[in-house]
Amino acid sequence: MSLRKLLSTLATVAAFLATGAAAQQNPPYAPINPAQASEGGGKVEVIEFFWYGCPHCYNLEPEVAEWAKKAPADVVFRRVPAIPNEAWAGTAQMFYTLEAMNLLNTHHIKVFDAIHRDRVNLNNKKTREEWLARNGVDVAKYNEMEKSFSVATKLQRAKQLTAAYKVDGVPRITVDGRWYTAAELAGGNNRVFPVVDQLVEMARKDKTALAPAAPAAPAKR
C-alpha cells in the first residue's frame, strides 16, 4: 500500500471513530433543567408539547397517535398545546374547547388536516365556525364552551407549563419532568418514540428504586 493510500485509510478510520465518539457523547435526549414535578399520579408522565400550526407536529402526529394507543399501563400520556406567545393561543383554545366537548378524539387530526392539508385559517372566527359546522360541531355550544372557566384555566396552565419546561420548539416529548426528546435529537420522526421508551424505562427504574420497602411480615410464633 502506498503512503498516500495508507494516510487516506487512516484518515477515514479516524473520522469514523470520531463520529462514533460524538454519537456516544450526544445522547438522543436532553435533561430538563430544572426538573419539573410530575403530574402522573405515581405513573410515568409523558407530555407532547405541540402547536396545530406546526408542520413538524403534523408530520409526527401518526407516530404520536400510534404510540399513545400502546402506551404501557404505568404511563400517563397527554398533549399540551404550547403557548410561547399569543399567536399560538388561538388554536390552543380550540384544543381545550374540543376536549371539554368530548370531541378531541374525533377532531384532533381533523384540525391538523384542515390547517396543513386544506389550508383553512382556523384563527379566523367566521372561517372556524363554518368549518366546525361542516364537521358536525354545534357552533353555539362551541362558542359557549370556548369562554368557559375550565377552558380559560387550562389555557393558563398550558402557558405556565410552556414557560416552566422552557419549550422553544415543537414538537417536544417530555418524560416524567426530567428529560425531553425531539426529532432533531433522536435522528428522525421514526426514532422519537424508541427514545421515549428508553426514557420511560429510566424513569420506571428510578421510581422502583425510590419506592419504600414493604414492611417485613411479622415472625410466626
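So, in nm, how far is label Asn121 from label Asn105 when the simple model puts each one 7 Å beyond its Cα toward the Cβ?
3.5
What relative contact order, as a whole-number percentage, does the range 65-164 give when Cα pairs under 8 Å and 6 or more residues apart are counted? Let's see the in-between values first.
Values: 59 pairs, mean separation 37.8, N = 100.
The value is 38 percent.
Can you pick out the pairs among Lys70/Lys205; Lys43/Lys141; Lys125/Lys154 whose Cα atoms lie more than 29 Å from each other?
As for pairs spanning more than 29 Å Cα to Cα, those are Lys43/Lys141.
Bear in mind that the values in this text are calculations on the coordinates, not laboratory data. All values derive from a computational prediction rather than experimental measurement. Because the Cβ atoms are built from the backbone with ideal geometry, glycine has one as well, and the counts that use them run over all protein chains shown.
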